[in-house]
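Structure, as structure tokens:
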Amino acid sequence: MTKRPTSKKGPQSRRWSLQDAKTHLSQIVREAQRSGPQRVTLHGKDAAVIVAAEEFDRLQRPVSGRDIVTALAKSPLGDLEFERLTIKSKVRDVEL
């Protein structure tokens, strides 16, 4: 028997009561890996989110300039061309 989430607010949103989460933890972990984050509720309110380890690691990684470039390239304005201005100025020596 497959247990369904206790409530659903959209195609990506899965919610499980704490009692159901205790009983079906292995299924919830598989669902997190396959379909995305799974929310666990306590007294009807969101208490925790179970996510795939790969997604957690991605979220914990510091944002780099390359991440910003990738995000902009994937945006609806990704084809927009603009002129990049480079300003060259002298660097002064600083004693430490």
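Could you go through segment 1-19 and let me know if any residue there is assigned to a helix (DSSP H, G or I), more than 20 Å from the chain's Cα centre (by Cα) and modelled with pLDDT of 90 or more. So far as segment 1-19 goes, yes, one or more of its residues are assigned to a helix (DSSP H, G or I), more than 20 Å from the chain's Cα centre (by Cα) and modelled with pLDDT of 90 or more. Could you please let me know if Ser26 is at pLDDT 95 or above and among the hydroxyl-bearing types (Ser, Thr, Tyr)? When the stated conditions are applied, Ser26 passes them. Candidates in segment 47-92 are the residues that are modelled with pLDDT of 85 or more, part of a helix (DSSP H, G or I) and among the small types (Gly, Ala, Ser); of these, the one that is farthest from Ala32 (Cα to Cα) is Ala73.
Checked against the criteria, Glu31 does not count as assigned to a helix (DSSP H, G or I) and open to solvent by 100 Å² or more (accessible area, probe 1.4 Å).
The values are calculated or read from the model by the stated rules, or taken from the named source; none is laboratory data. Bear in mind the structure is a predicted one, so any value in this text is a computation, not a measurement. Just so you know, the surface numbers come from the protein's heavy atoms only, side chains and all, with ligands and any DNA or RNA stripped out. Shrake-Rupley method; radii C 1.70, N 1.55, O 1.52, S 1.80 Å.
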